[in-house]
Amino acid sequence: MLVEALEPLFDFDSLVELRRNHNGLTGQDIISVSQFDREMLSYIFNRAREMREMVQRVGSTDLLKGNVLTCLFYEPSTRTSASFIAAMERLGGSVIPITQGVQFSSVSKGETLADTVRVLEQYSDVIVLRHPETGSAQLAADYASVPVINAGDGTGEHPTQALLDLFTIREELGTVDGLKIAMVGDLRYGRTVHSLTRLLIPYDVSLRFVSPEILRLPLTLMNEVIDAGLDVRETHDVADVIENADVLYVTRVQKERFADLAQYEEVKDHYEITSELMAQAKKTMIVMHPLPRVGEIHYGVDEDPRAAYFRQVRNGMYIRMALLAAVLGRA
Ligand code: NCD
């Protein structure tokens, strides 16, 4: 028998290469959720589970010892910056936090973002950037030679939040396919909604978008969802979706994005998830929120086991640990 004539079942070399570069993530920028296919997601989620196990067992490791992360935040942030810092420190790396008072640094002297990242990459191995302008993360990535991770670019995307959101759905409900997911609040300006919606497109999900008229999901994104053939509906009223929803993803009205504050005042108190509303929901439904909340979820709901938002925060650290390890090429 001519063994040489047999075709290999798979390309062993490319499989080894895939493992070595962490499903293509090593050295990569993380700018948009469009970069992730289901195989990559499953890789990141498995790594996040390993991180959780490690943290629960020993708290930290020295996997990223010697690596430095710069957290460059041009917009206020408590949880996202703290989450990246915690992730890096639990992996034994260190952090240059530029999260407070960016207005007092060179940025306020007129230095361009391009120059700022080219300076910061001299000190660090990875840069996490939050910036008020859509497209800024891509711009920074075009100039930086170290990986840039988008931690929110204006109303554009917030990919690491979407990854942790999807991971939370997966961990809480055991699956994503077949679910009815309702997004509530500021669907127009909420970048977490934009990223999560896009990330859900390859799944077999039903999407319900609940918002005041002026805060509807941007048309281009709505068209992406419709073109993908997903079952999708829009409404102004949470009561229309609460009974059938498996996930209620609630968001804050993004005050800082309104040109006209009177318009913000009109819609800011549009929704409040209360225990009375929760009584109409499935026993298995989960409530999520990227936080901070400013009144969209009544504090009385916190005691409800279906309130998943603080568990969601913790998942964020595991996901960011998995991502940092992957882009820095450490298994
Ligand atoms: C979100 C953000 O910054 O887009 N927050 C976060 O990252 N946890 C949501 C928000 O600010 O409303």
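Sort L324, L113, L166 by Cβ crowding within 10 Å, fewest neighbours at the top. The partial results should precede the final answer.
Working: L324 28, L113 19, L166 23.
By the 10 Å Cβ count, ascending, the order reads L113, L166, L324.
Answer rounded, prolate or oblate for the chain, using the Cα gyration tensor with square roots of eigenvalues a ≥ b ≥ c: rounded when a/c is under 1.5, else prolate when a/b is larger than b/c, else oblate.
Working: a/c = 1.67, a/b = 1.21, b/c = 1.38.
Because a/c hits 1.5 or more and a/b fails to exceed b/c, the chain counts as oblate.
Give me, ordered by chain and number, the residues 5 or more places off I149 or on other chains with an amide H under 5 Å from its own placed amide H.
Residues meeting the amide H criterion: I30, I127, V128, L129.
Run the helix sum for the chain: -39,500 (n - 2.57) per DSSP H stretch of 4+ residues, divided by residue count, reported at 222 nm to the nearest 500 deg cm²/dmol.
That calculation yields -11000 deg cm²/dmol at 222 nm.
Under a 5 Å amide H to amide H cut-off, with H placed in plane at 1.01 Å, what residues pair with L63 once short-range neighbours are removed?
Residues meeting the criterion, in which the H sits 1.01 Å from N, do not exist here.
By count of other Cβ within 10 Å, fewest leading, how are D227, D240, D165 ordered? Can you show the working numbers first?
Working: D227 9, D240 15, D165 27.
Placing the least packed residue first, the sequence is D227, D240, D165.
Return the sequence-ordered ³J(HN,Hα) values of the stretch 185-202 in whole Hz as given by the Karplus equation 6.51 cos²θ - 1.76 cosθ + 1.60 applied to θ = phi - 60°, using x for Gly and Pro.
So the Karplus estimates, Gly and Pro as x, are x, 8, 7, 7, 9, x, 5, 5, 5, 4, 5, 5, 4, 4, 5, 7, 3, x Hz.
At 1.002 mPa s and 20 °C, plugging the Kirkwood radius over alpha-carbon pairs of the stretch 64-205 into Stokes-Einstein gives what diffusion coefficient in µm²/s? Write out the running numbers ahead of the final one.
Working: Rh = 16.2 Å.
Answer, rounded: 132 µm²/s.
Distance between the C-alpha centers of the stretch 159-185 and the stretch 20-78? Whole Å please.
Their Cα centres are 18 Å away from one another.
Please arrange V128, V241 by counting, for each residue, the other beta carbons lying within 10 Å of its beta carbon, fewest first. Let's see the in-between values first.
Working: V128 34, V241 21.
Going from least to most buried by this count: V241, V128.
Throughout, read-outs are computed from the coordinates displayed, never taken from laboratory work. Worth saying up front: this structure is predicted, and the values here are computed from it rather than measured. With ideal geometry, Cβ positions are generated from the backbone for all residues, glycine too; neighbour counts draw on all protein chains shown.
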